[in-house]
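See structure below.
Please treat every number below as a calculation from the coordinates, not as lab data. All values reported here derive from a predicted model rather than from experimental measurement. Please note: Cβ atoms are built from the backbone with ideal geometry, for glycine as well, and neighbour counts cover all protein chains shown.
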Amino acid sequence: MRRISVFGATGSIGLNTLDLIRRDREAYEIVALSGGNNVAQLVKLAREFRPVVAVLSDEGGFAALHDGLAGTGVSAAAGRTALIEAAARPADWVMSAIVGAAGLEPGLHALQAGATLALANKESMVCAGPLMLETARVHGAAILPVDSEHSAVFQALIGEDLAAVERVIITASGGAFRDWPLADLARATPEQAATHPNWDMGQRITIDSASMFNKALELIETKEFFGIDPDRIETVVHPESMIHALVGFVDGALMAHVGPPDMRHAIGFALHHPARRTLPVERLDLVQLGFLSFRPACEKRWPALRLAREVMRRGGLSGAVFNAAKEAALDAFLARRIGFTQMAEVVEEVLDRAVPQLDAADAAISLDTVLHADQMARRAAGDVIAARAG
Ligand code: NAD
Ligand code: MG
């Protein structure tokens, strides 16, 4: 039996992960399941999967979780420290699917405990790529990408020599506003931004797809995860979301990973790696599909892409600053304090202000420096947002 933990179990990736586990329930022993503040959902999952411990990061929900699990033998826990303790419990495979920088520390603790970390939480790589890779190396742990684009690149690179890679092309659906007139973007609402043409995902990543902050994070994730030179990383808008990424080699070959937009492919690939097992995803009918289309990724429509280039150029702690500023700007947009297009303006201003103060390019990446940069960027973003919100 494989020992498995799922962090962010109540979210979109977490539920898709448990869907795969449910189909082969006997093969797994569940160590920990975590949720943010959705007590009812976590109780339901814990009653079904019977983990050793169920952890809610929101301490206020402890009593309800405890009562909901009475008589099950599942330990209830709540709060940040409990979450980290749960991540440090020995497990063979751990899904990192908390959203935001909040997912970094649990992932690091799982690596320190030697687990194979299935990494959906792209923010970990953006904020602390070198620390993640080094922690895995020191503890003999593995990190497998779950972001669909990075799973695609990972699969295209199996058996290949990285030195023969000429370019990596990350595709983008373009999100909710890819066909909107530019002039209308400033008035876009959170509800409009939270509808995705192809993928069914959590609210935050869906809005990040409309702004392309999600793609911006993914470009940085590509650089950090695979060690690819930023000049070799391209983005193309591909409205059908059937090709997830392509890897181009020095001999001109271009290897594409093609499949329907269903995260259970990338999750299942990471779950069974290095084997390939049957997965419950739709099989593509190419004739029915007919054609696939591509367009340039316009930096005027999606300034987040230009900012990602800047972050990759600066390196150091600028990824942590970028992500924290983006999270704060997204919160402000959701609270209707700033408009859709102001999110990128806020992030750019924070990068210009906070990064030089941090001497970001030179600073060593440790958990302390990353958390410090994160805090500082959130404070700076708070000031910039307050000035703009008036
Ligand atoms: P989601 O919002 O559906 O779920 C997030 C999970 O994290 C929930 O369990 C929530 O309760 C928990 N959570 C939220 N804030 C928390 C906090 N501060 N502390 C602890 N737990 C907290 O998000 P999602 O769409 O499942 O995405 C999860 C991660 O996977 C993100 O990093 C996202 O970028 C990445 N990802 C998602 C998809 C997708 O298809 N949904 C695809 C690629 C990558
Ligand atoms: Mg992705």
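Of the GluC sites (Glu not before Pro) in the range 267-366, the ones in a loop by DSSP (not H, G, I, E or B) with at most 13 other beta carbons within 10 Å are 282.
Couplings for the range 218-233, taken from phi via the Karplus curve 6.51 cos²θ - 1.76 cosθ + 1.60 with θ = phi - 60°, read 6, 5, 5, 4, 5, 4, 6, 5, 9, x, 8, 4, x, 5, 9, 9 Hz in order; Gly and Pro are left as x. Under the combined filter of DSSP loop state and at most 15 neighbouring Cβ atoms within 10 Å, the range 1-105 retains these trypsin sites (Lys or Arg not before Pro): 23. Residues 84, 233, 267, arranged from fewest to most other Cβ atoms within 10 angstrom of their Cβ, appear as 84, 233, 267.
Counting Lys and Arg as +1 and Asp and Glu as -1, each charge on the Cβ, what is the dipole of the range 2-145 about the Cα centre in debye, to the nearest 20?
For the range 2-145, the charge dipole is close to 260 debye.
What the Kirkwood sum gives for the range 315-390 is a hydrodynamic radius of 12.0 Å, with every pair of different alpha carbons counted. Residues whose amide H comes within less than 5 Å of that of residue 100, counting only those at least five positions distant or on another chain, are 123 (H built at 1.01 Å from N in the peptide plane). Per residue, the convex hull spanned by the Cα atoms of the chain amounts to 140 cubic angstrom.
Before anything else, pin down the relative contact order of the chain: Cα pairs under 8 Å, at least 6 apart, normalised by residue count, whole percent.
The normalised contact order for the chain reaches 14 percent.
By DSSP, the beta bridges lying fully in the chain are antiparallel in about 30 percent of cases.
Cβ crowding within 10 Å ranks 343, 201 as 201, 343, fewest other Cβ atoms first. Helices in the chain, meaning DSSP H runs of at least 4 residues, each add -39500 (n - 2.57). Divided by all residues, the mean residue ellipticity at 222 nm is -14000 deg cm²/dmol. The string of couplings for the range 173-183 from the Karplus curve (6.51, -1.76, 1.60, θ = phi - 60°) is 6, x, x, 5, 10, 5, 9, 6, x, 3, 5 Hz, one whole number per residue in order, with x for Gly and Pro.
Remark on residue 175: its backbone amide H falls under 5 Å from none of the residues 5 or more positions apart or on other chains, H modelled at 1.01 Å from N. Phi-derived couplings, Karplus 6.51 cos²θ - 1.76 cosθ + 1.60 at θ = phi - 60°, listed residue by residue for the range 31-39: 8, 9, 10, 10, x, x, 9, 8, 4 Hz, with x used for Gly and Pro.
Taking 126, 321, 281 in turn, the Gaussian network model of the chain (Cα-Cα springs below 10 Å) assigns the largest fluctuation to 281.
In plain terms, if you count all Cα to Cα distances in the range 2-145 and split them into 5 Å steps from zero, the share in each step is 2, 12, 23, 24, 20, 12, 5, 2, 0 percent.
The trypsin sites (Lys or Arg not before Pro) of the range 310-343 that DSSP puts in a loop, and whose beta carbon has at most 16 other beta carbons within 10 Å, are 336, 337.
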